[in-house]
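Heads up, the thing below is written out as structure tokens.
None of the figures in this text is laboratory data; all of them are computed from the coordinates on show. Keep in mind that what you see is a predicted model, and the values were worked out from it rather than measured. Every residue, glycine as well, gets a Cβ built from its backbone with ideal geometry; the counts of neighbours run over all protein chains shown.
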Amino acid sequence: MNIRLAHTRSPWATLVLQDMTVSSPSSRLYRNGRQQVELTVRLRALDAKGQCVALSDEQRDSIRLIDYDSGQPLPDVPPSGEVAQGWGATRVRNEYAFFPAAGGRERAAPRTKATGDESIVWYVQTADTRPRRIGCRVQSGATPAAGPGVSAPFVRLEPERLPAQDFARSVEYRCERESAFPRSVGRGHPVRDVDYYYCSVYVDGQRLALLSFDVMPASLMQCDDAQAPGATFAFTGFAAPGARSIRYALPSTLDALRHRIVARPRAGEGVIVLVQSEAGGADGIARLPWTSCDIDAIDEFGTSHAMRVTLERAGACRTLVLSRR
């Protein structure tokens, strides 16, 4: 059965902007080009007789956010979802958390919608350093009005410095080591030591969840002497936050020694897996130039973090060291 959707027409003559509000917890946002502020535009469409009428989708789409001072429309957020410079607007909510309210207050209850009012929700992102006043206007059709004796509404948005650029805040990169095998459980065949290093970011002592965690190259490798029989060696792989599958960049001769699944993944923390064992015939390991890995991570607020992990000796064993790069 075919269903044909009727196109709704709306013969409005005046579009009254009732108000424009920040409907996310704060009017602040990190200037990382990803974090958003949610804006709600409340309006009412009136016909020539002053009666409320509904807007069509086409008319609703004609309403755009603007720079209130210049009158220029805000550019659309690029398909990548990230704003590289200036400001951008979109109707699509992304995955990053809003800037928290001052003092941890909850978001205020939404206003009661009056009869005939319609609400349109926008999201704004920025890489700019300066505050901006944001207004709205109709791109086509009738001229909007703000109501008798009332100026057009706007909101003021405040970009915040990134934590790494704010010397009043402390940023720490930590990794917590945990053995993959409980004492009561065997270490697999062939026998090998496997440790998980859970990596996380702390700002002013508060842990921020990581949403992405990319490591290049995917593996580190160290070997004492690849030509000696039973030479000791170690290598790493990594897993994204909350994921079980481990990624490696290793010679195929080491396939049997890989630890393939993270038994205890943690939400919001990336994992570096360190495997230490004894190699037999691991030709070419010493020639691999993998002495450190670069980590690019993005936290829950959309801020990038550049880290580096190195493999260092700690007595008879090796250990991982996580640092800022």
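If I model a spin label at R207 and T232 as a point 7 Å from the Cα along the Cα→Cβ vector, what separation in nanometres do I get?
Output for this residue pair reads 3.1 nm.
Quick check: residue separation of R93 and D57 times 0.36 nm, minus the Cα distance between them. What number comes out in nm?
Answer, rounded to one decimal: 11.1 nm.
Got a sec? Which residues in the stretch 201-216 would a label at D166 touch, if it sits 7 Å along Cα→Cβ and we count backbone N under 15 Å?
Backbone N within reach: 202-208.
Run the quick spin-label model on S304 and S323: label points 7 Å from Cα toward the beta carbon, then report their separation in nm to one decimal.
The two pseudo-label positions are separated by 2.1 nm.
Given a Förster distance of 35 Å, report the FRET efficiency between S80 and K49 from their Cβ-Cβ distance, rounded to the nearest 0.05.
Computed FRET efficiency for S80 and K49 comes out at 0.15.
Could you work out how much longer the chain between D294 and I261 gets when fully extended? Use 0.36 nm per residue separation minus the Cα distance between them, nm to one decimal.
9.7 nm
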